[in-house]
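Asker: Could you have a look at this structure, given as structure tokens, before my questions?
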Amino acid sequence: MPVSSPFDDPALLEKLQARHEPSQSALWKLMRPQLVATVTPIVGGKAVAEAVVADLLSDFLFHYVNKLRDGRAIPSYLRIMALRRSRRQQERARRHGELDPDDRRHRSDDAGPDDAIDSARWSRWLERCLGEVKGKARSILKLHYGHEMSYAEIGQRLGTSKQAAAKMGKKYLEVLRACVETQARGEHV
């Protein structure tokens, strides 16, 4: 009996759970366009949708895939998670817009640096700055720092060289540092 869909193959889930790279790459290439098309209208732009989907697929392939018992559930699972994440992204964007004007008003100008800059602000600044990093660069940072993959593994996964992945990772890490520092200086003006 021929397999009508790659998800009907019982070995697919086993391969994904074993982190079989060709299967992971095939799933990424198959599902990414569909998920981006689903998420784009919700988050209001293709660049943000690409970032949401890249994060989702990375998290799925390296963590959540182990929670599934049937490979046929993969497309539905990914669509549901894409909708949830895109709604959370939309909510975060709305919250940031509301928080920014009030945040300066509640800051004490005579507080010391340890009191004035708390971990919540640093987290918010980093989240804003991560929102500026899109596409492949965001995937590289997430895979390297979030999933502790080497640049060689990342390059192989994303279809680029180890050197290009490392160069992009280091470049955008510096972009994040500069962005966070700018955010910090902006609040102390």
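What follows draws every value from the coordinates through simple rules; no lab data is involved. Here the structure is a predicted model, which means the values were calculated and not measured. Neighbour counts run over all protein chains shown; Cβ positions are idealised from the backbone, glycine included.
Asker: Expected output is a single nm value to one decimal: the length gained when fully extending between Ile80 and Arg128, i.e. 0.36 nm times separation in residues minus the C-alpha distance. What is it?
Answerer: Working: separation 48, 0.36 × 48 = 17.28 nm, distance 2.47 nm.
Working it through step by step, the gained length comes to 14.8 nm.
Asker: With respect to the cross-link table entries Lys15/Lys142; Lys142/Lys167; Lys46/Lys171, which display a Cα-Cα separation exceeding 20 Å? List each step's numbers first, then the result.
Answerer: Details: Lys15/Lys142 22 Å; Lys142/Lys167 15 Å; Lys46/Lys171 23 Å.
Long pairs (Cα-Cα over 20 Å): Lys15/Lys142; Lys46/Lys171.
Asker: Per 0.36 nm of contour for each residue apart, how much would the distance between Ala11 and Leu68 grow if the chain were fully extended, relative to their Cα-Cα spacing?
Answerer: Numbers: separation 57, 0.36 × 57 = 20.52 nm, distance 1.30 nm.
The span from Ala11 to Leu68 would gain 19.2 nm if fully extended.
Asker: While we're looking at this one, here's another question. Filter the trypsin sites (Lys or Arg not before Pro) in segment 25-93 down to the DSSP loop ones having no more than 14 other Cβ atoms within 10 Å, then list what survives.
Answerer: Numbers: sites: Lys29, Lys46, Lys67, Arg69, Arg72, Arg79, Arg84, Arg85, Arg87, Arg88, Arg92; in loops: Arg69.
Taking segment 25-93 and a limit of 14 other Cβ atoms within 10 Å, the loop trypsin sites (Lys or Arg not before Pro) found are Arg69.
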